[in-house]
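The values are calculated or read from the model by the stated rules, or taken from the named source; none is laboratory data. No experiment lies behind these values; they were computed from the predicted model shown. Cβ: placed from backbone, ideal geometry, glycine included. Neighbour counts: every protein chain shown.
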Amino acid sequence: MFKPLFFLAMVLVGYLAQFVDGTLGMGYGVFSASLLVSIGLYPVVASASVHTAEIFTTLLSGVSHFKFGNVKRELVLSLAIPGVIGGVAGAYFLASVPGETIKPFVAAILLMMGLLILYRFLVRKNPITSENSGHSRGKLTLLGFVAGFMDAVGGGGWGPIATPSLILDGKDEPRQVVGSVNLIEFFVTLAETLTFLITVGLEAFRWDIVVALLIGGAIAAPTAAFVCKKLPAKALGSLIGVLLIGLNVRTLLKFVM
């Protein structure tokens, strides 16, 4: 039965989630999937529905970031393929193992990343320069696979893992990291959604929620990319650290209490 107020609430969730994700490079899946699980959906249903909506929102977000000059070609080429492979593996894994069981371990790691990012941008003076450019191909491959895997398993995780890891390297501007991660997320999300369709079928999708999240995300994507371009590197990096700490302290408290 269609419920207009519930649908509008999901549109608002989609808007807020995409605005945060498009601005800070993370948060869409974590924000949306956490809410859906909290209202009673199984993790696999929440993840499948969120990632279906993300196919379209990440495409819009990635194109917007590309137009505003926030995308770095090296990062896209190095992370996309391992990210897709990790996402497919994670989707298969989630079909048989509850994603909730590993969430506290992931949350603890991400909390430490948030603290390290705040330290780097607020305490340690280490500006990004051309001398810091260049990434280890092996490190990027591993990062892409792990981030893609955790994204499928937890309903969100591509941005929270990929974005802070790249920012902590200090080899790219935060806006380049955010823009590149957003663009790659389209390919990762597409692969995950197709895998969910194969493994659990159409019954694992809430299409009313998918459409609502898509509408809200589509409205937010261009604005978020513009805000990302305009935010100073120090402010953007610090906001990413605060977001990581807030999200993962909440996750850990839910398991402790």
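Take the conditions under 18 Å from F205 (Cβ atoms), aliphatic (A, V, I, L, M) and without any contact (Cβ under 8 Å) to a residue 24 or more places away in the chain and apply them to I39. Does it pass?
Answer is yes for this residue.
Please note which helices (runs of 4 or more DSSP H) are completely contained in the range 142-243 and include at least 1 residues that are under 28 Å from F2 (Cα atoms).
Qualifying helices (runs of 4 or more DSSP H): 174-200, 207-230.
What about T23, is it at pLDDT 90 or above, crowded, with 24+ Cβ neighbours inside 10 Å, in contact with a helix residue (DSSP H, G or I) (Cβ under 7 Å, 6 or more places away or on another chain) and of a type in the set (S, T, N, Q)?
no
Within the range 153-164, is there a residue that is within 20 Å of D21 (Cα to Cα), among the aromatic types (F, W, Y) and at pLDDT 80 or above?
yes
Looking at the structure I just gave you, is L252 under 21 Å from A46 (Cα atoms), touching a Phe, Trp or Tyr at 6+ places or on another chain (Cβ under 6 Å) and either free of Cβ contacts under 8 Å to residues at least 24 places away in the same chain or not small (G, A, S) (or both)?
no
Conditions tested, residue by residue: (1) more than 23 Å from L243 (Cα to Cα); (2) modelled with pLDDT under 85; (3) more than 17 Å from the chain's Cα centre (by Cα).
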| position | (1), (2), (3) |
| --- | --- |
| F31 | no, yes, no |
| H51 | no, no, no |
| F56 | yes, no, no |
| F68 | yes, no, yes |
| R73 | yes, no, yes |
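Look at L77 and say whether it is in a helix (DSSP H, G or I), at pLDDT 90 or above and more than 17 Å from the chain's Cα centre (by Cα).
Here the answer is yes, as L77 does meet what is asked.
Would you mind stating whether A107 is among the aliphatic types (A, V, I, L, M), at pLDDT 80 or above and farther than 12 Å from V181 by Cα?
When the stated conditions are applied, A107 does not pass them.
Being modelled with pLDDT under 75, part of a helix (DSSP H, G or I) and over 17 Å from A235 (Cβ atoms) is the filter here, so list the residues in the range 117-137 that pass it.
Passing the criteria: S130, E131, N132.
Looking at the range 158-207 only, could you name the residues that are surrounded by fewer than 24 Cβ atoms within 10 Å (Cβ to Cβ) and among the acidic types (D, E)?
The answer is D169, D172, E173, E203.
Quick check: is even one residue across the range 169-186 more than 16 Å from the chain's Cα centre (by Cα) and among the β-branched types (V, I, T)?
no
Any residue in the range 142-154 that is in contact (Cβ under 8 Å) with a residue 12 or more places away in the chain sitting within a Cβ distance under 6 Å of a residue that is outside any helix (DSSP H, G or I)? List the pairs, counting only those 6 or more apart or interchain.
M150/G157; D151/G157
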